[in-house]
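First the structure, then my questions, so here it is.
The values are calculated or read from the model by the stated rules, or taken from the named source; none is laboratory data. The model shown is predicted, which means the values in this text are computed figures rather than measured ones. Note that each Cβ is placed from the backbone with ideal geometry, even for glycine, and that neighbours are counted across all protein chains shown. All accessible areas refer to the heavy atoms of the entire protein, side chains included, with ligands and DNA or RNA removed. Shrake-Rupley method; radii C 1.70, N 1.55, O 1.52, S 1.80 Å.
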Amino acid sequence: VALKVTAPLGLGRRLVASTALKFREKHPEIDVQLRLSDYLVDLFTEAVDVALRLAVLTDSSLIVRKIADVDRVLCASPDYLARNGEPRRIEDLDDHQCLLLRFPGSQQSRWTLQRGRRIHAVPVHGHLDADDSDILTDWALAGEGIAMKPRFEVAANLEAGRLVQVLPDCPPVPATLAVLHAYKRMVPAKVKDFADVLVADARAHVTEALAGGSGAKPKSRRG
């Protein structure tokens, strides 16, 4: 008996890999097949049982177990901002190097930002893009540009001053962290059991990551 699981690369390494081991301790008869990708895998065509997603979710054909609404931030290193200036308006992003998460079907040629009650789809560009979101963090820390990241993934770097939040008054639209599966009726026990463990582990992971960065929204360099 096998259980096929997909998750984003970073969360898969830091979270789901250990969840799989925990699940196997209770269910040694079930093989766990973990497939990691920041590409949004189609659960139906890839025959995936359980998916961990961190995205703006739109597909109503899947069963969604929401874990948390996740604030996202635009951030850059103090060195990058010292060399290039800090964007003060959304329009200023056109003059900056944006570090982009790109893969087939990716929407990150535009960042969806909030200004007051209005939503703006902002064209962005940069010399560097990758299909692994952790690489974007590394590049931002190296002073190569501005990245859009879930707050909990960069909370410790923001707290330590290694990264600085930019355009805090125009944040990205929040994403949803959720566990998904395609079973609407008669959910297999292996799917329910793994999803239960993953939901609990993911909530603890987010809480711990934010606590490591104090949980408070860091100040920008403005004023």
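Residue check, K22 against (1) in contact (Cβ under 8 Å) with a residue 24 or more places away in the chain; (2) open to solvent by 70 Å² or more (accessible area, probe 1.4 Å); (3) touching a strand residue (DSSP E or B) at 6+ places or on another chain (Cβ under 8 Å), all met but one. Which one?
Going through the list (1) in contact (Cβ under 8 Å) with a residue 24 or more places away in the chain; (2) open to solvent by 70 Å² or more (accessible area, probe 1.4 Å); (3) touching a strand residue (DSSP E or B) at 6+ places or on another chain (Cβ under 8 Å), K22 breaks only (3).
Quickly run through segment 151-208 and pick out the residues that are in contact with a Leu (Cβ under 6 Å, 6 or more places away or on another chain), β-branched (V, I, T) and more than 30 Å from D79 (Cα to Cα).
Residues satisfying the conditions are T176, V179.
If you take the residues of segment 43-99 that are of a type in the set (G, A, S), outside any strand (DSSP E or B) and in contact with a helix residue (DSSP H, G or I) (Cβ under 9 Å, 6 or more places away or on another chain), which of them is nearest to A142 (Cα to Cα)?
S77
Could you pull out the residue among E86, E46 that is surrounded by fewer than 16 Cβ atoms within 10 Å (Cβ to Cβ) and modelled with pLDDT of 90 or more?
None of the other options fit; the residue is E46.
Out of the residues in segment 90-109 that are within 16 Å of the chain's Cα centre (by Cα) and at pLDDT 85 or above, state the one that is nearest to A175 (Cα to Cα).
L101
Another question, then. Could you name every one of the strands (runs of 3 or more DSSP E) located completely within segment 110-223 that has at least 1 residues being in contact with a Ser or Thr (Cβ under 9 Å, 6 or more places away or on another chain)?
118-123, 146-150, 164-166
Something else about it: Got a number for residues in segment 89-104 being in contact with an Asp or Glu (Cβ under 7 Å, 6 or more places away or on another chain) and free of Cβ contacts under 8 Å to residues at least 60 places away in the same chain?
Looking only at that region, the number is 4.
Another question, if that's okay. Testing R115 on (1) at pLDDT 95 or above; (2) closer than 30 Å to E208 by Cα; (3) of a type in the set (K, R), one condition comes back false. Which one is that?
Going through (1) at pLDDT 95 or above; (2) closer than 30 Å to E208 by Cα; (3) of a type in the set (K, R) one by one, R115 breaks only (1).
While we're looking at this one, here's another question. Select from segment 49-60 the residues that are closer than 22 Å to A189 by Cβ and either touching a Phe, Trp or Tyr at 6+ places or on another chain (Cβ under 9 Å) or of a type in the set (D, E) (or both) and write down the one among them that is surrounded by the fewest Cβ atoms within 10 Å (Cβ to Cβ).
Looking at the filtered set, the residue picked out is D49.
Name the single residue, out of those in segment 164-206 being under 19 Å from A68 (Cβ atoms) and of a type in the set (D, E), that is surrounded by the most Cβ atoms within 10 Å (Cβ to Cβ).
D201
Further question on the same structure: Assess whether P28 counts as being at pLDDT 95 or above, surrounded by 15 or more Cβ atoms within 10 Å (Cβ to Cβ) and in a loop (DSSP other than H, G, I, E, B).
Taking the combined requirement at face value, the residue does not satisfy it.
Here's something else I'd like to know. Just checking, which of A156, A130, A147, A182 is in contact with a Phe, Trp or Tyr (Cβ under 9 Å, 6 or more places away or on another chain) and without any contact (Cβ under 8 Å) to a residue 60 or more places away in the chain?
A130
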